[in-house]
1. Name the residues in the range B:155-178 that are open to solvent by less than 60 Å² (accessible area, probe 1.4 Å) and facing chain A (nearest Cβ under 10 Å), would you?
2. If I filter the range B:119-129 for residues that are assigned by TED's automatic domain parsing to the domain that holds B:Leu298, closer than 26 Å to B:Leu217 by Cβ, of a type in the set (Val, Ile, Thr) and open to solvent by 20 Å² or more (accessible area, probe 1.4 Å), do I get at least one hit?
3. Can you report the number of residues in the range A:270-286 which are part of a helix (DSSP H, G or I) and either surrounded by fewer than 23 Cβ atoms within 10 Å (Cβ to Cβ) or within 7 Å of another protein chain (Cβ to nearest Cβ) (or both)?
4. Taking the condition farther than 24 Å from A:Asp142 by Cα and surrounded by fewer than 19 Cβ atoms within 10 Å (Cβ to Cβ), does A:Asn105 pass?
5. For the list (1) surrounded by fewer than 20 Cβ atoms within 10 Å (Cβ to Cβ); (2) modelled with pLDDT under 90; (3) within 12 Å of chain A (Cβ to nearest Cβ), I need the number of the one condition that B:Arg227 fails.
6. Among residues belonging to the range A:147-169 that are over 11 Å from A:Leu205 (Cβ atoms) and out of contact with any Gly (no Cβ under 9 Å at 6 or more places or on another chain), point out the one that is farthest from the other protein chains (Cβ to nearest Cβ).
7. Every residue in the range A:507-541 that is out of contact with any Phe, Trp or Tyr (no Cβ under 9 Å at 6 or more places or on another chain), without any contact (Cβ under 8 Å) to a residue 60 or more places away in the chain and closer than 18 Å to A:Tyr318 by Cβ, please.
8. Does A:Ala329 satisfy being in the same structural domain as A:Pro378 (by TED's automatic domain parsing) and surrounded by 22 or more Cβ atoms within 10 Å (Cβ to Cβ)?
Amino acid sequence: MVIRQSTRLFLFVLVVVSMILAGCAQPATPAATQAPAATEAPAVTEAPSVTEAPAATEAPAERKVATFIWTQEFDTLNPYYTNMWFSSVTQQLYNCWAWDFDEANKPQPRLVTELPSVDNGGLSADGKVITMKLRDDIVWSDGTPITSEDFVFTYQMIMADRNTVASRNPYDLMEKVEGLDARTVVITFKEPYAPWVANLWRGLLPAHVLKPIFDQEGTIDTAEWNKAPTVGCGPFVFDQWESGSFTRFVANEKYWLGRPKLDEIFFRFVPDDASQIAALKAGDGDLGTFFAYSDLPELEAAGIKIINSFSGYNEGIYFNMHAEKGHPALKDVKVRQAIALAFDRQKLVDDLLLGRTKVAATDWDNTPYNDPSISPWPYDPEKAKALLDEAGWVDSNGDGVRDKDGVELVLKYGTTTREIRQDTQAVAQQQLAEVGIKLDLQSFDPDIFFASYAENGASANFSLDLIEYSDSPNFPDPDTSAWLCAEIPSDENPTGVNTSGLCDEELDALFKLQATQVDYNERVQTFNKITKMIFENVYWLGLWQDPDLFGVSSRLANVKISGVTPFFNIMEWDLAQ
Amino acid sequence: MTRYILRRLLQAIPLLFVISLVLFFLMQNMGDPIATMGGRNVTRSADRERLKRQLGLDKPIIVQYLYWLAGNDWAKADLDGDGIAETPGTRRGVLRGDFGLSLVNKKPVTQVIWERLPNTLLLMLTAEAMILIFALLIGIYSALKQYSTFDNIITTITFLFYSMPVFFFALVTMYIFAVNFKKWGLPYLPTVGMFEPTAGKTPLQVAWHMVLPTATLSFGFIAGYSRYIRSAMLEAMGQDYVRTAKAKGLPKPEIVYIHALKNAALPIVTIIALDLPFLLGGAIVTERIFGWPGMGRLFLDHVSRGDTPVVMGILMMIAVAVVIFQLIADILYAWLDPRIRYT
């Protein structure tokens, strides 16, 4: 089609004029004016200033800022109103625990002069009374001394009926908390409580800030301090939080263990995993977490150091052994053993997790509580087949799936939508099919999967046969209520947490015993029995040890990570020169 | 006209009421807010029971809806778990302007939304302006020059962008312009966020960080809108009145922009009026990838934690906006096309 010259010229002019007009019209929206200007200006001015700044000219005066990339935003900054990982680990910056844990997960006194023990009189022989001696130089960031009153107030707030704190564990097991004097706190438990080191005083509330609010409103649920804890007791102090965008913490000049070396920690909220990787590679972040294993080589190639921090999570399968609602096959130990032998978990770890972690043997791997003689079930499909035959599960109708008494060996295997979990399901399905076990795969959003029996949650209503997740409720303490008979969810107990529905009286007694054993060595002995029992009966099948992955840029120096309180030495972190 | 507007607004009230009821009941199936309060751990039974009681989640759904709608300051709640309701409620209900507190962060819902709305509007209005400008230019040009080389090229390109998933476009541009450009020593764009922490939140920084998200949001829509405009313009240009205008010897711009475009604008106004309210909802994918603190991410975060008050607040805001923008569209029709009369 031939276009006339004049028309073409006219249209060209029209387009140009329209564009100019459009450009002129843009001041109507403030944003539009900025966008075009920006495309030219910063390319020249902004970019070089960023690259130059840390290096040469302003180096001495430049604030030392480290940028952390968090894929989830904090819900609240009040340590007792959240259990969210991203909120909890950040508390080490602006709040304080009575003791932190170092990279070997050993407690380190922070607010106390020493850790209470039977030897130093801090722990009563019956394990019910704990006496803490506070340091005399500890102060809130506004200069107010931290005293026993703050501990008593924190206890009162956790237990107040109108405060919707996330958890009262273990404060609802206490009889009382008293301040003998300004420097002595006495905690009395109703029963001996062994896991106190892991669970006591994971944060402190400033009485002088929050008490007036509580007295006036009857609750601290809506206190401004929860969103803006400008008075804190960590190496950094809260400065600013813009919803969805960023949070800024600045150095606490009054920190009693010395002012941190960095001036500021800037958290940027980036929910997308691929964007997190891009930002770390581009140097727009100095620390990130929770990567997919497949992204690790790319990150390392870009100079990001990967730190595996073990925080007690061991991914594993809980078998539904509920007396009425469980699949008959799973109540037979031989079938459970066969599943363990037929699933090549080492190959899973090598292929899907790039060999960067290990197969989990028990839920207490990497802790002193594991029986040292245990090593994961080997891969032996022939033995698995023999065990299934022995148990009477044979393929009598030739459909490729074993059966017994008219019941097919088809198991419903459910987990959350986390990618690596779904991949694991696919591998398991393939491998177990080779020994004649058919898996029916299901995956759920986490809030539906972990909902209680009352809410018909998939992990609690015994609709599944194999349930995969990891839990680490009291790390570094080994205590858990997941195996107690009293925790089996039912209409009478709709919020129970015993996913497997198993009531093994011997195991139940051992779990009850360990929770009261104040003597460390006795408790280790009990746990050796527990771990051996769960392992040999395959009540739980370990898949892999699931460390928290931290990626740290080469800009940061002195970085150590703890599994319990990851940022325990954040005051020593510095920018590498 | 005033009577018409009043009648439309009155009709909206029962509609919004029904919408709120349906949404509230649907939200109850979105998962258990307390399940997510344990973080990575399973929430303890004692805490589950206490929180259900304290947050009023132990009440039947219809009662929860009633409290949401009309408040609970006339009822008492059992907070200490002894089975006796002793504490008077404090909520005033949506009808009295109280959208409640977020279950996740205990902030008032209105504050939670207000913290994000400006960011979303900044991004979405900029993108919408870009979309309209470029879609009009492309649409009109390719209608006037149907089947020309330019029309063919632009048609191909628009279809290419239209068929490209948003996340793909976003990540590809991010890797090219932010990651690789930096590696190659070229002037580069930032990856995520609204500004650099060292530079502070200046208008220039924000604008610079908006380039990629705006481009991502615009491209697919420019393609779609320009196709609508093209076909509407093609139809208008073939009408008798355009021929008459031509015969009268009117200058071409007047024919195109006044006679044809005004008539072709009707269907376009409909589409824009349908799209505008959803701008308030933000762009879930784009905001997520570029770490833009907007409404889409807010919605996703709170849906995933079963935070009924916040989710209801956002959904009701969008529902109200849909009603209002539809009304505005109807009024615009009357202005654009004098044949349409509302009495």
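1. B:Ala170, B:Leu171, B:Met174, B:Tyr175, B:Ala178
2. Taking the range B:119-129 first, the residues assigned by TED's automatic domain parsing to the domain that holds B:Leu298 are B:119-129.
From what is left, the residues that are closer than 26 Å to B:Leu217 by Cβ are B:119-129.
Within this subset, residues satisfying the condition of being of a type in the set (Val, Ile, Thr) are B:120, B:126.
Going one step further and asking which of them are open to solvent by 20 Å² or more (accessible area, probe 1.4 Å), we end up with none.
For the range B:119-129, residues assigned by TED's automatic domain parsing to the domain that holds B:Leu298, closer than 26 Å to B:Leu217 by Cβ, of a type in the set (Val, Ile, Thr) and open to solvent by 20 Å² or more (accessible area, probe 1.4 Å): absent.
3. Taking the range A:270-286 first, the residues part of a helix (DSSP H, G or I) are A:273-281.
Then keep just the ones that are either surrounded by fewer than 23 Cβ atoms within 10 Å (Cβ to Cβ) or within 7 Å of another protein chain (Cβ to nearest Cβ) (or both); that gives A:273-275, A:278-279, A:281.
Count: 6.
4. On the way: farther than 24 Å from A:Asp142 by Cα: yes; surrounded by fewer than 19 Cβ atoms within 10 Å (Cβ to Cβ): no.
The answer is no for A:Asn105.
5. Evaluating B:Arg227 over (1) surrounded by fewer than 20 Cβ atoms within 10 Å (Cβ to Cβ); (2) modelled with pLDDT under 90; (3) within 12 Å of chain A (Cβ to nearest Cβ) leaves (3) as the failure.
6. Step by step, filter the range A:147-169, then rank; the result is A:Met159.
7. Selection gives A:Glu536 alone.
8. Values: in the same structural domain as A:Pro378 (by TED's automatic domain parsing): yes; surrounded by 22 or more Cβ atoms within 10 Å (Cβ to Cβ): yes.
For A:Ala329, the condition - in the same structural domain as A:Pro378 (by TED's automatic domain parsing) and surrounded by 22 or more Cβ atoms within 10 Å (Cβ to Cβ) - is met.
The values are calculated or read from the model by the stated rules, or taken from the named source; none is laboratory data. Predicted, not measured: the structure shown is a model, and the values here were computed from it. Reconstructed Cβ throughout: ideal geometry from the backbone, glycine too, with neighbour counts over all protein chains shown. These area figures cover heavy atoms from the full protein model, side chains too; ligands, DNA and RNA do not enter into them. Shrake-Rupley method; radii C 1.70, N 1.55, O 1.52, S 1.80 Å.
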